[in-house]
Amino acid sequence: MKKIYIILVLILACLTIEDINAAKVRVREKRIEKAAPADRFVFAAKAGFNLGGTAPMGLPAEIRTINSFKPTFSFTISGTAQYNFNNKWGLQSGIKFDIKGMQTDTSVKNYQLVVSMDGSTIEGVFTGDVTTKVRNNYITIPLLAVYDISPRWDLKFGGYASFMVNGEFSGTATNGYMRDGSPIGPRVDGVDAVYDFTDDMRKVDAGVQVGVDFIPYKHLLISGDLTWGCIPLFKSDFTAMSFNMYNVYFNIGFGYVF
């Protein structure tokens, strides 16, 4: 008899919780249905940082070893506005100041490159160590569909467009040799050179974005967003490297919901 009583209490508790949750959903639906258009908007301000890299899709055969990878301090500041169509779906956009950067040190073989050494330019294939520094500043505009998973969690997916304010893509080629023109060209030993492809980068980037928003308290917002660039970093006529590179970064943000 005691077991039956316990089971009945548990069933009653579950039904009560379901009724409470259902009531909350109905209240929220009614609020949205009756709200004026201005009340359907949610505004937020966020700050955060990017982790990731500007990299090829897959590791090219020319890159034999990644000796080091260092994400640079890449902070972001943004403001967002979200319009809720109903209790589940919304549309979010905004504007963000976006820094994307990294530093790498790799060992390469027959790596197509254009370098400057001793006042002259050499184009060919390099074998040795290559360092790369990337630091690009963008103004980014996302456009995301928002799905309300629960009162505290939102799922976001869509795309973004970024416009470069300024940037840098440069590095060094050392501890190796270079074949001038092609893999069978004249060999140049003792290479200690620099390269700078800053002027060859596109001024526009665009891609897909997916992420989540978590609201642990009434006004506190924690977000995580993956952005994957679909446009090559360099212009279409750029030939100093044999592969395309793309911006792939994960953003962690903290903000205030108004």
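The values are calculated or read from the model by the stated rules, or taken from the named source; none is laboratory data. None of these values were measured; they are calculated from a predicted model. Cβ sites come from the backbone with ideal geometry, for glycine too, and all protein chains shown count toward neighbours.
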message = Being assigned to a strand (DSSP E or B), modelled with pLDDT under 95 and not hydrophobic (A, V, I, L, M, F, W, C): is that true of residue 190 here?
response = yes
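Here is a yes/no grid of residues against (1) part of a strand (DSSP E or B); (2) in contact (Cβ under 8 Å) with a residue 40 or more places away in the chain:
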residue: 138; (1), (2): yes, yes
residue: 141; (1), (2): yes, yes
residue: 150; (1), (2): no, no
residue: 156; (1), (2): yes, yes
residue: 161; (1), (2): yes, yes
residue: 166; (1), (2): yes, no
residue: 174; (1), (2): yes, yes
task = Taking the residues in the range 65-78 that are surrounded by 15 or more Cβ atoms within 10 Å (Cβ to Cβ) and of a type outside the set (Val, Ile, Thr) as candidates, determine which candidate is modelled with the highest pLDDT.
result = 78
ask   = Taking the range 142-161, which residues are modelled with pLDDT of 95 or more and either of a type in the set (Gly, Ala, Ser) or in contact with a Gly (Cβ under 7 Å, 6 or more places away or on another chain) (or both)?
value = 142, 143, 144, 145, 146, 156, 158, 159, 160, 161
Residue pairs meeting the criteria (Cβ under 6 Å; at least 6 apart or on separate chains; first touching a residue at least 24 places away in the same chain (Cβ under 8 Å), in the range 232-258; second part of a strand (DSSP E or B) and of a type in the set (Lys, Arg)) = 247/100; 249/100; 253/46; 255/46
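Within the range 228-251, can one find any residue that is small (Gly, Ala, Ser), touching a Ser or Thr at 6+ places or on another chain (Cβ under 7 Å) and crowded, with 18+ Cβ neighbours inside 10 Å?
Here is the first cut: in the range 228-251, the ones small (Gly, Ala, Ser) are 229, 236, 240, 242.
Within this subset, residues satisfying the condition of being touching a Ser or Thr at 6+ places or on another chain (Cβ under 7 Å) are none.
So far as the range 228-251 goes, no, none of its residues is small (Gly, Ala, Ser), touching a Ser or Thr at 6+ places or on another chain (Cβ under 7 Å) and crowded, with 18+ Cβ neighbours inside 10 Å.
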